[in-house]
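A short write-up of the structure that comes next.
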C-alpha cells in the first residue's frame, strides 16, 4: 500500500479530473456523444440479432469501443468495475483465470469437471474453460454483459449471465493504430492493429498486443519478484464479400499469457506485497523431483496459458427478411501452473503446493437463422448448436509441508480425462401484437453427455488409500458418465410506451451442467453433483430523457436457484490436508434492483452511475447439510469435544465455524460505481480529457463456510486518468492509474491463506491513429 501522502495526492488528483477518458470511435473520429452532446446509440446482439440497446427487454450492460477506452477497460476482469451486481477476481494463484459472480452465482474452480455459471463468448463462440478467460482487449468493437440466465439463446452454463465480446471486423479502408505504454513495476505495454484491404471484396486485419512487468510481490526467501506478467497475442481477421448477400468472416488468434496470483501479504513497514515461498520461479529445476511425476517434478512457481483459436462465420442474406449464419469455432488451450498457498513461512518445496498440466480442446458448430414473417409482425431466431470437449489434466493436490517437522506429504497425483458432448436446438419468436406491444416466447432443448476417467500416476509417495482409478470409482457405486436432457424456456412481454420508454417483464430458465468433485483424493470423494437450475423473473424500464441527454435503465429481479453448486474447501487440523468438496448443498433465493444511469449535462461532459442491490440467502438445505448442521451445533454445545471432531463438521461446506448456515459467497448487498469525463477544447485541435470512476462494494463473504478469514469489509476503489488528444493528427497521450488510492482487498480464501487484489498501478501511454 502507498504512504498516506501518496494516497492523498492520488485521491485528490483523480477526483479533481472527474470522468472516464474519451477516445475516437474509429480512425481518429470522436464519438457522436462527444460531438453532438447526446448519448450514443449502442447496437447489441443480446437476442442473437442486432438491436438498439434501449429496445432489448434483458438486463444488459453494453460498452462500445469508445466506452471501453473511457473507462480504462483493457481486459475482461475490468468489466466487473462497471456492472451492477457483478463482482470478480482472479482465481486463486491464476492470473489468467477470472471467477465472475453475477447475482450470487459463481464458480472458483479451474478443473474441467466444473463449469462456470457466467459464460464467456467471443464472436458468438462459447469459451468453455475459465482457465484463460482473463484476456486483453486489443481490437474490440463492443462488449455486452448479460445479467441473469440466458439459457434459451446462449445455452448451458449461463445461469449467472454471459460476457459477450464482439471483435472489430476488417475495415474497407486502410488504417489502424499503434500504442505503447510504460508503468509501475517496470511494466511495458504495446498494442497495434492495422486494416489492410486487398480489394473492395477482400478485407484483412492484423492485431496484436504485448505486456511485461517485473511483478508486484517480493519473495523474501528467493529475492525474486513474482506475480509478474509476460504476455503476448496476435490475431488475424479476414472478411470476404463473396456477393452482396454472402459474407465470410474468419479469424485466427494465438495468445500466450504468463501471469501469477500467488498468495502474498501486505507489509506495513515497507508498503510492499511480500511472500516467503521457498520455490523459485520458472519451469525447470529439481524442487519436486521424487515428489511429483513427469514435468511437474521440475517446476517452480509459474502459471502459463497458451490458447489458439479459430472462428468462421459464414453469413447469407436470403432476402430482406431472412439471414443465415454458420458459425464454427475451435479452441485449444494448454494450461500449466505450480502454486504455493502457504507463503507466510519458508519451505524449500513450498508450504501448500498444487501442480496442474492440462490440455483442453473444444469444437463448436452452430447454424442460426434470423428472419421475420407477416410483414414484420413475427420476428424469429432459431438454430442448432453442437459442442465437443476433450480434456486431459495431469494434476497433484495437497503437497503440504508440516510446519513443525518439515516433512512433505503428497496427497494425490493423477491424470483426469473427461469429455463433454452437447447438442441443442433453440427458437425464439417475437409477436408484435400492436405497434407498441410485443410478446416473446422461446425454448431450447439440450442433450448433454459427460464422462470421466481417472488413472493414478506412478508416484510411490501417495498414500495407498489415495491411489485409485476409474475402476475403483465404479466399484464404489459412483457413475463415471452422466446424461442430461433439459428444456429451458423464456417468456417476455414489452410495451413501447413512446419512442423513449420501454417497459418489460420476463421469466427465463437456465441451467449449469452437473459434474464431479474431481479434486477428491480418494475414489469415494469423486462424488457427482447435479445440474444447477435457475428460474429468473425480471421487470424493468429502458428510458431516454431530455432529448437523449439522460438515460435511465432499471431492472428488478427475483431468482430461484435449485441445486446450487458450490466448490468448497476446508483444512483438516490433524493432517494439514486441504479437503476439497463440491455439492448441491442448498437452493438460493436472490432478489434485487439494478440501475444504470448515463447523462450528458452539457456538451463534452459524460457522467454515469451503475447501482446494484441484492439480497441472497440459502434455503431448502440438502438433508446431508441439515444433519451436518445439527451435529456441528451439538458438538459445539458439548464441553470437552475434541477440536478435530468439531472441525470435521463445522467450518465445512456452508456450515460456519459457529454452527450456523453461511451467507452465499461473492454476493455483496450493494455495489455502486459512478464517474465521468469532460472534454476541454484547446488550441490547435487538441483536447484535454480528464476521467475518473469510483466504485463502492459492500461487505461480503468469499468462503462458503464464512470463516473470519473469508470476510471482506466494504471497500472503495478509484481509477482515473487524463488524456491529451488531437483529432486531426491522430495523436493521443494518456496518464492513468488503477486502484489509485492503494486499497488492499481480499479476493479469495483457500485454507490456509487469503489472496489479495493487485496493488495500485500507474501507466503512461502514447497512441497514434492512422
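Please give the Cα centre distance for region 479-537 versus region 450-469, rounded to the nearest Å.
32
Looking only at Cα atoms, what is the convex hull volume of region 293-363 per residue, in Å³?
Value for region 293-363: 114 Å³ per residue.
Ratio of Rg to Rh for region 707-770, alpha carbon only, Kirkwood?
1.24
Taking every alpha carbon pair in region 476-592, what does the distance histogram look like in 10 angstrom bins from 0, in percent?
So the P(r) values, bin by bin, are 11, 28, 23, 17, 12, 7, 2.
Contour minus end-to-end for residue 328 and residue 365, with contour as 0.36 nm per residue of separation and end-to-end as the Cα-Cα distance?
Contour length minus the Cα-Cα distance gives 12.9 nm.
Starting from the Cα of residue 560, move 7 Å in the Cα-to-Cβ direction to define the label point; list residues of region 520-546 whose amide nitrogen is under 11 Å from there.
Those under the cut-off are 534-537.
Compute the length gained on full extension between residue 696 and residue 407: take 0.36 nm times their separation in residues and subtract their Cα-Cα distance, giving the result in nm to one decimal.
Working it through step by step, the gained length comes to 99.6 nm.
Give me the one-decimal nm value for the distance between modelled label points at residue 680 and residue 232, 7 Å along each residue's Cα-to-Cβ direction.
About 4.0 nm separates the two model spin labels.
Could you tell me what a quarter of the Cα convex hull surface of region 191-331 works out to, in nm² with one decimal place?
Mean orientational projected area (region 191-331, Cα hull): 13.4 nm².
Normalise the Cα radius of gyration of the chain by 2.2 N^0.38 Å (N = residues in it) and let me know the number.
Relative to the rule-of-thumb radius for its length, the chain sits at 0.94.
What whole number of Å gives the distance from the Cα centroid of region 80-142 to the Cα centroid of region 391-437?
Here the two parts' Cα centres lie 12 Å apart.
For the chain, find the longest principal axis of its Cα atoms and tell me its angle to the long axis of helix 623-637, 0 to 90°, nearest 10.
Approximately 60 degrees, to the nearest ten.
Calculate how steeply helix 4-17 sits against the longest principal axis of the alpha-carbon atoms of the chain, using the helix alpha-carbon long axis, and give the answer as 0 to 90 degrees to the nearest 10.
For helix 4-17, the angle is close to 30 degrees.
What percentages make up the Cα-Cα pair-distance distribution of region 419-553 when the bins are 10 Å wide from 0?
P(r) over region 419-553, rounded to whole percents: 10, 25, 20, 16, 13, 10, 5, 0.
For q values of 0.19 Å⁻¹, compute log₁₀ I(q)/I(0) with the Debye formula on a Cα-only model of region 547-704, without solvent.
Listed by q, the Debye log ratios stand at -1.15.
Just want to confirm a number: the relative contact order over region 303-403, from Cα pairs under 8 angstrom separated by 6+ residues, in percent.
27
How large is the convex hull of the C-alpha atoms of region 343-469 per residue, in Å³?
Looking at region 343-469, the number lands at 181 Å³ per residue.
Computed FRET efficiency, Cβ-Cβ of residue 427 and residue 315, R0 22 Å: what is it to the nearest 0.05?
So the FRET efficiency works out to roughly 0.70.
How much length is gained on full extension from residue 188 to residue 445, taking 0.36 nm per residue of separation minus their Cα-Cα distance?
87.8 nm
Report the calculated FRET efficiency for residue 733 and residue 204 (r = Cβ-Cβ distance, R0 = 30 Å), to the nearest 0.05.
0.55
On alpha-carbon atoms, Rg over Rh for region 502-545 using Kirkwood Rh?
So for region 502-545, dividing Rg by the Kirkwood Rh gives 1.39.
Coordinate-derived values only; no laboratory data. For clarity, every value in this text was computed on a predicted model and none was experimentally measured. Cβ atoms come from the backbone with ideal geometry, glycine included; neighbour counts cover every protein chain shown.
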